[in-house]
Each structure stands twice: as structure tokens, then as C-alpha cells.
1. Quick check: from the Cα gyration tensor, does the chain come out rounded (a/c under 1.5), prolate or oblate?
2. Normalized C-alpha radius of gyration of the stretch 1-67, against 2.2 N^0.38 Å?
3. Working out 0.36 nm times the residue gap between R133 and D21, then minus their Cα-Cα distance, what length gain in nm do you get to one decimal?
4. Could you tally up the Lys pairs in the chain with alpha carbons closer than 25 Å? Skip any pair fewer than 8 positions apart unless they're on separate chains.
5. Under 1.5 on a/c is rounded, so check that first for the stretch 94-193, then, if it is not, pick prolate when a/b is larger than b/c and oblate when it is not; a ≥ b ≥ c are the square roots of the alpha carbon gyration tensor eigenvalues.
6. Rounded to the nearest 20 debye, what is the charge dipole size of the stretch 127-193 about its Cα centre when +1 sits on each Lys and Arg Cβ and -1 on each Asp and Glu Cβ?
Amino acid sequence: MDNSKDNIPSLIKNLSDRNEDVRWAAAYALAHTGSPAVGPLITALDDNDSVVRLRAAWALGRIGDPRSIDPLIALLRDGDWAVRMRAAEALGKLRAHKATDALILALRDENSDVRRHVIAALMHIADPASADRLGDLLKDTDWRVRMGGALALSAIGDEKSLSLLQTATNDENEYVQKIALAVSSKKERVVKP
């Protein structure tokens, strides 16, 4: 498949093809087209077809152009969980610090796949400026939100984040506790001579 600018309209059209292999091939080709495909892909984020929106989000994440950050943040509120998941994934690949607040809110998504991708995005972004907001998540009533906060704080790894994470070593959930304890023991090994 030729990835020239001339093929972009037909590739965008193929994002909604009945055949899943054709849809993914189009998304892959658009991602490899790079910058010239960004505008049409951003437009595709508003398509009525959720399959088109999720493939466009996926391709934008691979291209890595910052022009797609705001439209991808808006997609975190899409009605389709798979679209929200791909938007979170793309924002993580973009290491979009600007998306941190929206991603923190998305940790409350009812879909576990979306939450997993949001956690991964926050870990990729690892924004030290978000440490306090992520630390607040350690007090949430939902253990999955606490776990997301703990993982994101561990990915940041600075002194403040690790200090905030220390409070989770006594968390009632074993997964949250294990993350905090593992990071704490790693920190102690680094500090000791």
C-alpha cells in the first residue's frame, strides 16, 4: 500500500470497511504516513462510526503529533468504551502532560479495559507536577483507582512521589500494598550504601 498524501482520503474511508483486516491495514498505513495524515485523522475522530474513531485515535498515537492532544482528550468522554481506551493509549504514547487531569478523571471509568489503559498512559507520562493529584488517588474508596495512582507515582519515581506512595504501604488492598512496598524496598536499596 502506497503511503503518499494522495491515498489519505481512501485510507480514511477504509477505516470503516466491513473487513477488520482492511480497517487495521488502513490505520497502520495512516500511522506510517505521518504528519500529512494528522488533519484528516483528527477529523475522523468526530465520525459517527465508533470503529473509525478508535482506529483514528490509534493511528494518531503512533504518529505522535501534538496537534492531536486536545481532540484525544475530548475523546476520553466518548460513549464507546473502546474509543475511550484507544484515546487513553494514544495520549500515553504522546506523553501528553496536558492530558494528566483528564486521565486522572478517566480512572473512574466503569470499564476496566479503559482504566488499564489510563493507568498505562499515566505511567508513560510520569508527570512530576501531577504527584499531589495522584497522591490524592491513594485515598480513593475504589482500590483500582488507588492502584492506578500507586503505579503512576512509582513511574514518576522522584522523591515527592515516592514519599506519597509510602502512605499506601498499609493499604487494605493487597495489590496496592504490594506496589507501594516494592517501590519502598527498591528506594531503600538505592539509598543504602
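Derivation of every value follows stated rules applied to the coordinates shown; laboratory data play no part. Computed from a predicted model, the values in this text were never measured in an experiment. When we count neighbours, we look across all protein chains shown, and the Cβ atoms used for this are built from the backbone with ideal geometry, even at glycine.
1. prolate
2. Computed over Cα atoms of the stretch 1-67, the ratio equals 0.94.
3. So the extension gain works out to 36.3 nm.
4. Here the count comes out as 17.
5. Note, shape of the stretch 94-193 comes out oblate.
6. 280
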